[in-house]
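Chemist: Attaching a single structure in structure tokens format; questions to follow.
The values are calculated or read from the model by the stated rules, or taken from the named source; none is laboratory data. Everything numeric here is computed off the predicted structure, so don't read it as measured data. Glycine gets a Cβ as well: all are built from the backbone with ideal geometry, and neighbour counts include every protein chain shown. The protein model used for the area step is the full one, side chains on, heavy atoms only, and it has no ligands, DNA or RNA in it. Shrake-Rupley method; radii C 1.70, N 1.55, O 1.52, S 1.80 Å.
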Amino acid sequence: MGLVDSLKSGLRKTKEALFMDVETLFSGKAVTEETIEAFEEILFTSDIGVKSTTEIIEGLKEEHKAGKIKNTDDIKVFLKTTMTAILGMPQPFVLYRERPFVVFCLGVNGVGKTTTIGKLAMKAVSEGHSVILAAADTFRAAAIEQLDVWATRAGASIVKHQHGSDPAAVAYDAVEAAKARGIDLVIVDTAGRLHTKTHLMEELKKIKRVIGKSVHGAPHETLLVLDATTGQNALNQAKLFNEAVGVTGIALTKMDGTSKGGIVLAIKKELNIPIRLIGVGEKIGDFQDFIPEKFVAALFD
Ligand SMILES: Nc1nc2c(ncn2[C@@H]2O[C@H](COP(=O)(O)OP(=O)(O)O)[C@@H](O)[C@H]2O)c(=O)[nH]1
Ligand SMILES: [Mg+2]
């Protein structure tokens, strides 16, 4: 399946949810103030967030007053244009600005950190770059094994210590090894759950400090992984991690099979942290740069 097709099929549920609402409200009737207000209520409870809803509805009311919105097709065209405008320009990863380029991966348990790291490593290696993965999720033994499997699959190296060892020491060793061997890319995997949230955030801060001691200016990208299926929760996680460690980019996973793809609008409007990548499946090739125009086109075409 091509990239466009996998995006289209990945966004099928989001598309269905959005269009079902539009069809139910507007199909076969004249568009009125009342139906627009009913649409507003639905959007408020969807995953696109309050700010995007307000922007969409205000614009829609104006266009409607100007006589430009007469039927469901007009509404779809309006939504397409407005959503594209809200999402703005693509802000994909700019990797390899430094060597080693260090990506520090964060996120709560189960969001898809390790999988995303595997996918990124695979892509980097296939493009001719050398990669070290740092197994700094030492909290669970299985996490180290899982990263090891991805490293083998991707053709990347791995730096790992014993289960239960200091994650900052693993990250440090990985970055030092990368410097010594002239490696292009280091991706640091981390734990998503510790005894307490404070403990987790303190540990992440420490890893970040230690990486910065080894390579000036590193980590170059602090990538928060969020699970699109968790909707509003994902936004709350982003606020917490951002306050604690400072997030420079987001990888949004599990866009396939969720109707909550509209969360990209909430992330843009409420957080304004760039979405770098989206995950559209469990397999190694199932991810892509987040290109707003392509994303919106896949929803509407
Ligand atoms: N459908 C789907 N599943 C995903 C995606 N990314 C990760 N997963 C699955 O989510 C689960 C947790 O992933 P994992 O990488 O172990 O999460 P971690 O705890 O954050 O490291 C696994 O079963 C993955 O296969 C995605 O984009 N789509
Ligand atoms: Mg993991």
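Chemist: Within segment 24-33, take every residue that is at pLDDT below 90 and open to solvent by less than 70 Å² (accessible area, probe 1.4 Å) and give me the one that is nearest to residue 75 (Cα to Cα). Please lay out each step first, then the result.
Modeler: Going residue by residue through segment 24-33, those that are at pLDDT below 90 are 24-30.
Of the ones still in play, those that are also open to solvent by less than 70 Å² (accessible area, probe 1.4 Å) are 25-27.
Working: 25: 11, 26: 9, 27: 11 Å.
For segment 24-33, the residue satisfying everything is 26.
Chemist: For segment 33-58, which positions are in a helix (DSSP H, G or I) and among the hydrophobic types (A, V, I, L, M, F, W, C)?
Modeler: Just the residues of segment 33-58 that are in a helix (DSSP H, G or I), to begin with: 33-44, 50-58.
Within segment 33-58, 36, 38, 39, 42, 43, 44, 50, 56, 57 meet the criteria.
Each row is one residue, and each column tells you yes or no for (1) more than 26 Å from residue 147 (Cβ to Cβ); (2) open to solvent by less than 50 Å² (accessible area, probe 1.4 Å).
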position	(1), (2)
224	no, yes
236	yes, no
269	yes, no
275	no, yes
280	no, yes
283	no, no
289	no, no
292	yes, yes
300	yes, yes
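Chemist: Taking residue 249 as meeting all but one of (1) within 16 Å of residue 112 (Cα to Cα); (2) open to solvent by 50 Å² or more (accessible area, probe 1.4 Å); (3) in contact with a Lys or Arg (Cβ under 6 Å, 6 or more places away or on another chain), write down the number of the exception.
Modeler: (2)
Chemist: What number of residues in segment 230-259 are closer than 19 Å to residue 299 by Cβ and over 13 Å from the mean Cα position of the chain (by Cα)?
Modeler: 3
Chemist: Right, something else. Right, residue 173: more than 16 Å from ligand 2 (Cβ to nearest atom), in contact with a strand residue (DSSP E or B) (Cβ under 8 Å, 6 or more places away or on another chain) and touching a residue at least 60 places away in the same chain (Cβ under 8 Å) or not? Walk me through it before giving the result.
Modeler: On the way: more than 16 Å from ligand 2 (Cβ to nearest atom): yes; in contact with a strand residue (DSSP E or B) (Cβ under 8 Å, 6 or more places away or on another chain): yes; touching a residue at least 60 places away in the same chain (Cβ under 8 Å): no.
So residue 173 fails the test.
Chemist: Could you tell me whether any residue of segment 31-50 is touching a residue at least 40 places away in the same chain (Cβ under 8 Å) and farther than 30 Å from residue 254 by Cα?
Modeler: The answer is yes, given that some residue of segment 31-50 is touching a residue at least 40 places away in the same chain (Cβ under 8 Å) and farther than 30 Å from residue 254 by Cα.
Chemist: Of the residues 149, 111, 125, 188, which is β-branched (Val, Ile, Thr), free of Cβ contacts under 8 Å to residues at least 60 places away in the same chain and in contact with a strand residue (DSSP E or B) (Cβ under 7 Å, 6 or more places away or on another chain)? Spell out the reasoning first.
Modeler: Working: 149 fails: in contact with a strand residue (DSSP E or B) (Cβ under 7 Å, 6 or more places away or on another chain); 111 fails: free of Cβ contacts under 8 Å to residues at least 60 places away in the same chain; 188 fails: free of Cβ contacts under 8 Å to residues at least 60 places away in the same chain.
After applying the criteria, what remains is 125.
Chemist: To continue, here is another question. Out of all the residues in segment 247-301, which are in contact with a Gly (Cβ under 8 Å, 6 or more places away or on another chain), part of a loop (DSSP other than H, G, I, E, B) and either outside the structural domain of residue 113 (by TED's automatic domain parsing) or among the charged types (D, E, K, R) (or both)?
Modeler: 254, 256, 260, 286
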